[in-house]
Amino acid sequence: MIALLSIAIVVCWGAWIPTAQVRRGIPQRTRTLYAAAGNLVLAAGAFLAGSGHLTLGWRAFWLPIAGGVVWTAGSIFAFRASQIIGLARAAGSWTPLNIVMAFVWGAALFGELSGLRAGRWTALGAGVVLVAAGLTVVVRSQEAGAPGASAARAGGAGNCRGLLYAVAAGLLWGSYFVPAQWAKVPAEVGNLPLAFGIFAGALALMAPGGVELRLSAGATAVQLAAGVLFGTGNLALLALVARVGTGTGFTIAQLSLVVNAAIGIWVFKVPPPGSRAARLVLTGVVIAGAGGCLIGALR
C-alpha cells in the first residue's frame, strides 16, 4: 500500500500542473478555479465513499479550510512562475522550499527536532547548503538560456519576478497541508474542508473580474482533470503521512519534481532539451532535491 500511495503522489503531482498548463491562453485565475472545482468533486466523492464523519470544530474543519486558501494562493504563484521561467525551473525552485517549510512547521508544531543529536544537526546544515546550491544552479540556468547580453538584460526583470513567484509558491505549498494533518482525522475527512478552502480561495480570486470564466468543453475537461490529478495526489499524501510520518511522506511527494522537470524540458521545451540551460536545470534539481530529502529524513 505504501508503494502504491507513493507512486500515486509522484505521478499525479508531477502531472497536474502540466495538464493545467497544456491549453494556452487561459487566465491563471480561471485555471485555478477549474482545478479547485475538480479537486472539490473528488474530495466530496472520497468523503461519501468513506466511513468518516465531518466535525465542524475549528481544528478539524476551519483550520483545513484556511490551509486550502493558502494552497490557492500558492497555486497562483506557481502558475505565474511556470509561465515566466518555465515549468522545469519553477518546479526546481519551489519543490525544495516545500520540504524546508514542512520541516520548519514540523519542528515548530510537532516537536520533530526535539532530541536531535549533533550529527543530525550537521546533516541538517548540509541539507540546507545543498538546497541553496541547487537553487543557485537553477537560477543560473536562466542566464545560460539567454541568447545574448541584451536579451539577458531584457529578460532579467521577468526572470527575477518568476523566481520570486516560485519562492512564494514553495513557502505556501510547504504550509497548506499542516492544518489538515494537525486535525488527526482520516485522509478523506480532512481533505474535504481543505478542498472547500481551496475552492473558496479560487472564487475569491475571481471577484475582481476582468477574466474569462467560461471555457470550451475541451478546455473545461482538461482543467477539471488537472484538479482531479492534484486531488488524487493530495489524498494519497494524507494517507501516506498517516502510515510513514510527515517527514518521510512529504519528502517522497517531492519526487514529483522529477516528473515536473522532465515534462517542462521535453514537452514544453523550456529550456530546450539538450541545451546548457536544460542541463543546469536538471543538475540543480538533483542537488536541491538531495538536500530536501536529507532534511526530510531528519524529521
It is to be established whether one or more residues within the range 176-186 are crowded, with 23+ Cβ neighbours inside 10 Å, among the hydroxyl-bearing types (Ser, Thr, Tyr), in contact (Cβ under 8 Å) with a residue 60 or more places away in the chain and touching a Phe, Trp or Tyr at 6+ places or on another chain (Cβ under 9 Å). yes
Restricting attention to the range 143-188, report how many residues are modelled with pLDDT of 65 or more, more than 21 Å from the chain's Cα centre (by Cα) and part of a helix (DSSP H, G or I). 4
Considering only residues of the range 268-287 that are touching a Ser or Thr at 6+ places or on another chain (Cβ under 7 Å) and not in a loop (DSSP other than H, G, I, E, B), which is most open to solvent (accessible area, probe 1.4 Å)? LEU280
Within the group GLY68, GLY52, GLY45, which residue is buried (at least 24 other Cβ atoms within 10 Å of the Cβ) and either assigned to a helix (DSSP H, G or I) or of a type in the set (Gly, Ala, Ser) (or both)? GLY68
Filter result for the condition that a residue is of a type outside the set (Lys, Arg) and without any contact (Cβ under 8 Å) to a residue 24 or more places away in the chain, over GLY264, GLY249: GLY249
Hey, ARG120 modelled with pLDDT under 80 and either open to solvent by 20 Å² or more (accessible area, probe 1.4 Å) or in contact with a Pro (Cβ under 9 Å, 6 or more places away or on another chain) (or both) or not: yes
When every residue in the range 1-40 that is farther than 17 Å from ALA253 by Cα and polar (S, T, N, Q) is compared, the one surrounded by the most Cβ atoms within 10 Å (Cβ to Cβ) is ASN39
Could you list all residues from the range 202-226 that are part of a helix (DSSP H, G or I), open to solvent by 10 Å² or more (accessible area, probe 1.4 Å) and either aliphatic (A, V, I, L, M) or within 26 Å of GLY249 (Cα to Cα) (or both)? LEU203, ALA204, LEU205, MET206, ALA217, ALA221, VAL222, LEU224, ALA225
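The values are calculated or read from the model by the stated rules, or taken from the named source; none is laboratory data. Note that the coordinates shown come from a computational prediction; the quantities given were computed from them, not determined experimentally. Cβ atoms come from the backbone with ideal geometry, glycine included; neighbour counts cover every protein chain shown. Side chains included, ligands, DNA and RNA excluded: accessible areas come from the protein's heavy atoms. Shrake-Rupley method; radii C 1.70, N 1.55, O 1.52, S 1.80 Å.
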